[in-house]
Amino acid sequence: MIYNFLMQKKEIVNALNSEVILKDGNFKNDFFEIADNVRYNNLGDGVHLRGLIEFTNYCYRNCYYCGIRAENSNTERYRLSLDEILSYAKKGISLGLKTVVLQGGEDLYFNLDKMLEVISEIKKLGVILTLSVGEKSYKEYKAYRQAGADRFLLRIETSDENLFKQIHPNSDFKNRINCLYNLKELGFEVGTGVMVGLPNQSVESLANDILFFKSIEADMIGLGPFIPTPNTPFENEKFIGIELPLKVLAISRILNPKANMPATTAFESIHKNGRIIALKCGANVVMPNLLDCEINKKYKIYKDKSTTPIEAIKEEIISIGRVIL
Ligand code: 5AD
């Protein structure tokens, strides 16, 4: 079996079906080391830190998997003020971070005017700004870009239109794809990604996801395990474990040698060494949360979300011989 960026669907499916063994506390299979080498050869040992500011957990959508879905009345809602957002951004800068990621639910309170104010005020601080605020019109994305936003994260969640419909009420798969192409056209660096282990998600569908990342030439790929979460329609769905998401991460790295790929919080939330394991299987980015722990906990998209402080994250990265960028 040859693992390289030319892998076709059938080979990817075989790889995703291959066995993972646990040896001396490490997950091993044929291609995890190859993914780690591809990461090293293309991107070196540097790990980019991106400071995450989850600025609102209000959301008008009702995604069946997500803890901050509109109908979850068990979620305590919050919105940060402009001043609070800026003070978290400044905290990130003082910790040496060069990028902040403004992520939130799809909250109509943050209309175009409010978003433009937030974007331009953050950009005055001299940081790179990534937005992750969901599906918007071309006009809005364009205005965000003109106000200075540099990058945008919008996970496709699954590239399988049928599955997409099963996990998103009133969903519009084509619009989501369109959003990604609009963002690219507007000159954003674009990130996308999926959840691994969704109900009714096959390995064939995951292979298509990996090929989708390549076909759209994603600059960033963020993926992690689906975590069944209380007070959501999917609370009793099966949890897949860490192995399959790791395989998807590693193969995504092999097919997308230069993409920035975070060791996502979801990995860390389901395994005590999840972040390190992901960093050894192709990931080269970590997104430490800048919020105070009490607010961070309220942004509960899934259960048991890990809230490791940034200093501890830095130590972990150094402990495996990697370099903080
Ligand atoms: N399990 C894992 N990931 C989730 N997300 C939302 N809910 C869950 C869940 N229950 C992910 C989605 C979203 C990102 C911010 O968090 O992929 O895009």
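Here region 240-255 is the region considered, the condition is being out of contact with any Leu (no Cβ under 8 Å at 6 or more places or on another chain) and small (Gly, Ala, Ser), and the residue that is farthest from Ile216 (Cα to Cα) is Gly241. Being at pLDDT 95 or above, small (Gly, Ala, Ser), over 17 Å from Gln103 (Cβ atoms) and within 16 Å of the ligand (Cβ to nearest atom) is a property that does not hold for Ser171. Quick check, is Lys247 open to solvent by 60 Å² or more (accessible area, probe 1.4 Å), out of contact with any Asp or Glu (no Cβ under 7 Å at 6 or more places or on another chain) and either modelled with pLDDT of 95 or more or within 13 Å of the ligand (Cβ to nearest atom) (or both)? No.
Cβ separations smaller than 6 Å between residues 6+ apart or across chains give the following pairs from region 289-305 residues that are more than 22 Å from Tyr60 (Cβ to Cβ) to residues that are assigned to a helix (DSSP H, G or I) and within 15 Å of the ligand (Cβ to nearest atom): Asn289/Asn296; Asp304/Ser269. All but one of (1) farther than 30 Å from Gly126 by Cα; (2) open to solvent by 20 Å² or more (accessible area, probe 1.4 Å) hold for Ser81; which doesn't? Only one criterion is unmet by Ser81, namely (1).
Scanning region 39-56 for residues that are at negative phi, open to solvent by less than 60 Å² (accessible area, probe 1.4 Å) and outside any strand (DSSP E or B) yields Arg39, Asn42, Leu43, Asp45.
There is at least one residue in region 112-123 that is touching an Asp or Glu at 6+ places or on another chain (Cβ under 6 Å), surrounded by fewer than 15 Cβ atoms within 10 Å (Cβ to Cβ) and in a helix (DSSP H, G or I).
Residues that are part of a loop (DSSP other than H, G, I, E, B), aliphatic (A, V, I, L, M) and modelled with pLDDT of 95 or more do not occur anywhere in region 264-282. Only a single criterion out of (1) under 29 Å from Leu82 (Cβ atoms); (2) more than 17 Å from the chain's Cα centre (by Cα) is not satisfied by Thr99, namely (2). If you go through region 250-272 and keep only what is over 13 Å from the mean Cα position of the chain (by Cα), open to solvent by 10 Å² or more (accessible area, probe 1.4 Å) and either within 15 Å of the ligand (Cβ to nearest atom) or in contact (Cβ under 8 Å) with a residue 12 or more places away in the chain (or both), you end up with Asn256, Pro257, Lys258, Ser269, Ile270, His271.
Would you say Phe234 is within 12 Å of the ligand (Cβ to nearest atom), among the aromatic types (Phe, Trp, Tyr) and not in a helix (DSSP H, G or I)?
Details: within 12 Å of the ligand (Cβ to nearest atom): yes; among the aromatic types (Phe, Trp, Tyr): yes; not in a helix (DSSP H, G or I): yes.
Against the criterion (within 12 Å of the ligand (Cβ to nearest atom), among the aromatic types (Phe, Trp, Tyr) and not in a helix (DSSP H, G or I)), Phe234 qualifies.
Quick check: is even one residue across region 57-77 in contact with a His (Cβ under 9 Å, 6 or more places away or on another chain) and either open to solvent by 60 Å² or more (accessible area, probe 1.4 Å) or of a type in the set (D, E, K, R) (or both)? Among the residues of region 57-77, at least one is in contact with a His (Cβ under 9 Å, 6 or more places away or on another chain) and either open to solvent by 60 Å² or more (accessible area, probe 1.4 Å) or of a type in the set (D, E, K, R) (or both), which makes the answer yes.
If the requirement is being aliphatic (A, V, I, L, M) and out of contact with any Cys (no Cβ under 9 Å at 6 or more places or on another chain), which of these qualifies: Ile177, Ile167? Before you say what the answer is, go through the steps one by one.
Numbers: Ile167 fails: out of contact with any Cys (no Cβ under 9 Å at 6 or more places or on another chain).
The unique qualifying residue is Ile177.
Of the residues that make up region 199-221, is at least one assigned to a loop (DSSP other than H, G, I, E, B), open to solvent by 20 Å² or more (accessible area, probe 1.4 Å), within 14 Å of the ligand (Cβ to nearest atom) and out of contact with any helix residue (DSSP H, G or I) (no Cβ under 7 Å at 6 or more places or on another chain)? Scanning region 199-221 turns up at least one residue that is assigned to a loop (DSSP other than H, G, I, E, B), open to solvent by 20 Å² or more (accessible area, probe 1.4 Å), within 14 Å of the ligand (Cβ to nearest atom) and out of contact with any helix residue (DSSP H, G or I) (no Cβ under 7 Å at 6 or more places or on another chain).
The values are calculated or read from the model by the stated rules, or taken from the named source; none is laboratory data. Not measured: the values here are computed from a predicted model. Ideal geometry is used to build each Cβ from the backbone, glycine not excepted, and the neighbour counts take in all protein chains shown. SASA here: full protein model, heavy atoms, side chains in, ligands and nucleic acids out. Shrake-Rupley method; radii C 1.70, N 1.55, O 1.52, S 1.80 Å.
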